[in-house]
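Data first, discussion second: the structure below is written as structure tokens.
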Amino acid sequence: MIRTATSLKLLIAAPLLLGMTCAQPPPVELASLPGPTQGEPVSYLEDVKPVLESRCVVCHGCYDAPCQLLMSSYDGLDRGATKLPVYHSTRLIDVAPTRLHVDASDTQEWRERGFYSVLEEADAYGYGSLLLNMIALGRSRPTTPDARLPDDFPLELDRELSCPTASEFEGYAREHPLGGMPYGMAPLSDREIEVLVAWIRQGAPAPPPEPPLAGIALEQIRLWEAFLNGSTLKERIAARYLYEHWFLAHLAFDALPDGPFFRLARSSTPPGEPVQEIATRRPYDDPGVERVWYRLIPLDSTVLHKSHMSYALSDAKRARLAELFLETDWNPTELPVYHVSEASNPFATFREIPARSRYQFLLDDAQYFFRTFIRGPVCHGRVAVSVIEDHFFIAFLDPDSDMSIIDAAFLEEAEDLLGLPAEGEGEIGGIWLKYNLDQRRYLDVRERYYDKLDPNLLGPTLDAVWDGDGGNSNALLTVFRHFDNAEVVRGFVGAYPKTAWIVDFPLFERIYYDLVANFDVFGNVAHQISTRLYMDHLRMQSENLFLAFVPVYRREAVRESWYAGAEGDRSYRVNAIRSNHHATQIKFKTRDVTRELLQMIAERNPAVTGPADRLNRCERPPCDAPDATAVERRAERALQPLAGVTGRWVAELPELSFLIVRSGRAPEADASYSLAHNRAHTNVAAMFDEDERLVPEDDTLTIARGYLGSYPNFVFEVPIDEIEAFASALRAVGGATDFEALVSRWGVRRTSPRFWGAVDWIHEDDRRRNPSEAGIFDFGRYLNL
């Protein structure tokens, strides 16, 4: 570690270092720090990694990292940057995958794939050390403290990026003088820069290898790899099913809930030998070997909130999986094939596994699976998530009321109609028409079987909604969409929403395969569009299943209110409600049947529902939560009048804001809240022109403790003694000028000297609240307010 406080100097001789004549002004002054001979060597783990995690990974951590520069691990830094983006909305041809730790085995392979170094030390002409130059550029042109950036400062997520190589840096600096790092944010401290510069000038040495796993972790790996690599046909098919549903999971052992985390990979080598990972685009692609082995690999990157999908492994979980998949009565006859025409359809691939086992497996950890839809690579960009409303509730059909579970003939007949767009391998025109026709036929088959199940047309009871088997809180979920990303939490959080879903097994499995197992982030635009269009069917079918529980006379009217202006849409017509001849056995007292049904579902089992949402559904204030601290009690009394109401002020708020309420005492006594702006729509039936379907006068705000998303757009910091003034000022906002005054008083701008302190506090607070779920937030969408 560095033990000598060395002052930061600026090189006056920058023109010489950059190979220019003295008549030319330097594009950037390079930060200078004596080399490692001046003190002890810089430690990557102790000195460098904390700076990278707290200051760089907040933008450079995942597929959407600028220039694919991943700073969440040494390997990502060593790989460097590339000019090739992962997300490209008009890409006509698939590109080669660039998954770190998967698609190339060493630095040279990445160089052959077009990645270039950002770490190499500068030569006599200043070339090399791109990271150092970027930091120096930011240092030479710092942002003005607490000021808005220029209105033309490019911050859009899909802005055209300039990804210079080291030899192109001079031109980059002249063209983008404000393009240094950290980009458009408060500057790094002298100490942070000293650490990074010293490390780079040492040659950016790699950290020592991780010590071999031992103790609990090693024993658990042995047990789980043995479980996943059994030799019988039943064990091998079950293991493939589990792998296709866990390949994105961050697996954690119950004795080590905070990590280390592991991922499940297919290997050509069995347990006990070094892992030789089989890199395929999708988890069901042909591995090209006679037998695959399922192996657990430690995650060696910083945990990011936006991609952290934790899944707990325990002795009880292993027993549960054995009960569902190995001890049930099924006798497989052959291993499933890997050809995409069948492998992309899980109802064909795993037809021999009992449907009840598969559905119960999904239900047991429903939040994890919905997180894979939301935190997986598909949900990037506005078009991808415009398929859902900004705020809605989800419940599930009870297995004993699900025809696909009750009668094996149903799935057998419907199997070919449940195919997914991936089998089209990039087609769009014909495939779109095919799936519209298939969905119409599937819904006809489904109606026929439910007529047989309910010949007297009585309709469902409330017991047909899964109750979590009496204690599983995965039974009720809430989804929030924040413009171009989303989040899912357990329980019904927020005011009662406009729409809601009830999901059965065919819907659940198809949503997973459409958005996760079948989705190729490196695929072409046809693949991405067909994935999105297919999801329209699944959303509407989930909504219609919810409407099957309300009185017949209200169904069409409610559905039409959800799709105002979209009644002529082809998918809307295909998914018309077919069960209107079935009544409902649930008794309703009001015309607001959506709210009434959700209330009944929420109130019937407190052990599953959890604590009442007193912040957003407070009918007789004050609605103090029993577990609230004094700071939280005062803050929540002030904030309650803002929750779930409409008003001009709501439209001024960003999609997702974090609110820090300062206690004036120790940091752990402070409180944190999310302010989620729920934008109202006439409908979400179209991929484009969303702005024309917004209804800002109907926008609402959800307020919740903690963090309702991975991508905060803004942070407010309010002393507890000013919380009432903040709430009053927010509700009084009448336009941009009023909101500007609010931001100036309580906002933490990108350029604020308080910005990094707020970021650090949020991360520490998240770790305190839920260490197994915590991760670094992405501040790449932070607004210039």
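Consider the stretch 167-205 and keep the residues that are within 26 Å of Pro753 (Cα to Cα) and aromatic (Phe, Trp, Tyr). The one that is most open to solvent (accessible area, probe 1.4 Å) is Tyr183. Screening the candidates Arg448, Arg440 for the property of being in a helix (DSSP H, G or I), open to solvent by 50 Å² or more (accessible area, probe 1.4 Å) and in contact (Cβ under 8 Å) with a residue 40 or more places away in the chain yields one hit, Arg440. Scanning the stretch 752-762 turns up one or more residues that are open to solvent by 60 Å² or more (accessible area, probe 1.4 Å) and assigned to a loop (DSSP other than H, G, I, E, B).
Please tell me if Ile660 is open to solvent by less than 30 Å² (accessible area, probe 1.4 Å), more than 30 Å from Ser561 (Cβ to Cβ) and within 23 Å of the chain's Cα centre (by Cα).
Yes, satisfied.
Looking only at residues in the stretch 741-779 that are under 20 Å from the mean Cα position of the chain (by Cα) and among the polar types (S, T, N, Q), the one that is nearest to Met71 (Cα to Cα) is Ser772.
Does Pro771 meet the test of being of a type outside the set (Ser, Thr, Tyr) and modelled with pLDDT of 95 or more?
When the stated conditions are applied, Pro771 does not pass them.
Contact map, the stretch 674-700: first residue more than 17 Å from Pro497 (Cα to Cα) and free of Cβ contacts under 8 Å to residues at least 40 places away in the same chain, second residue open to solvent by 20 Å² or more (accessible area, probe 1.4 Å) and outside any loop (DSSP other than H, G, I, E, B), Cβ cut-off under 9 Å, separation 6 or more or different chains; pairs are Ser674/Arg705.
Residues that are modelled with pLDDT under 95, farther than 28 Å from Leu417 by Cα and open to solvent by 20 Å² or more (accessible area, probe 1.4 Å) are absent from the stretch 566-587 altogether. Selection of first residues in the stretch 336-359 that are without any contact (Cβ under 8 Å) to a residue 60 or more places away in the chain and of second residues that are surrounded by fewer than 17 Cβ atoms within 10 Å (Cβ to Cβ) and outside any helix (DSSP H, G or I), restricted to Cβ pairs under 6 Å at least 6 apart or on distinct chains, gives the following pairs, ordered by first then second residue: Tyr338/Asp286; Pro354/Thr328; Pro354/Trp330; Ser357/Thr328.
Considering only residues of the stretch 548-562 that are in a helix (DSSP H, G or I) and farther than 21 Å from Val684 by Cα, which is most open to solvent (accessible area, probe 1.4 Å)? Looking at residues that are in a helix (DSSP H, G or I) and farther than 21 Å from Val684 by Cα, I get Tyr553. For the stretch 211-261, which positions are in contact with a Phe, Trp or Tyr (Cβ under 8 Å, 6 or more places away or on another chain) and either of a type in the set (Ser, Thr, Tyr) or open to solvent by 60 Å² or more (accessible area, probe 1.4 Å) (or both)? Result: Ile216, Tyr241, Tyr243. Just to be sure, is Ala348 open to solvent by 40 Å² or more (accessible area, probe 1.4 Å) and in contact with an Asp or Glu (Cβ under 7 Å, 6 or more places away or on another chain)? Against the criterion (open to solvent by 40 Å² or more (accessible area, probe 1.4 Å) and in contact with an Asp or Glu (Cβ under 7 Å, 6 or more places away or on another chain)), Ala348 does not qualify. Taken over the stretch 161-186, the residue count meeting the criterion of being over 28 Å from the mean Cα position of the chain (by Cα) and under 19 Å from Arg750 (Cβ atoms) is 3.
Report whether or not Arg620 is touching a residue at least 40 places away in the same chain (Cβ under 8 Å) and surrounded by fewer than 21 Cβ atoms within 10 Å (Cβ to Cβ).
Considered against the rule, which asks whether it is touching a residue at least 40 places away in the same chain (Cβ under 8 Å) and surrounded by fewer than 21 Cβ atoms within 10 Å (Cβ to Cβ), Arg620 comes out as no.
Restricted to helices (runs of 4 or more DSSP H) entirely inside the stretch 341-427, those with at least 1 residues that are modelled with pLDDT of 95 or more and either within 15 Å of the chain's Cα centre (by Cα) or at negative phi (or both) are 346-349, 355-364, 366-375, 403-406, 408-414. Beta carbons closer than 9 Å, at least 6 apart along the sequence or on distinct chains, pair a first residue in the stretch 469-482 that is without any contact (Cβ under 8 Å) to a residue 60 or more places away in the chain with a second that is of a type outside the set (D, E, K, R) and buried (at least 23 other Cβ atoms within 10 Å of the Cβ) for Asp469/Ala475.
The values are calculated or read from the model by the stated rules, or taken from the named source; none is laboratory data. These numbers were taken from a predicted model, which means no experiment stands behind them. Please note: Cβ atoms are built from the backbone with ideal geometry, for glycine as well, and neighbour counts cover all protein chains shown. These accessible areas exclude ligands, DNA and RNA; they are computed on the full protein's heavy atoms, side chains included. Shrake-Rupley method; radii C 1.70, N 1.55, O 1.52, S 1.80 Å.
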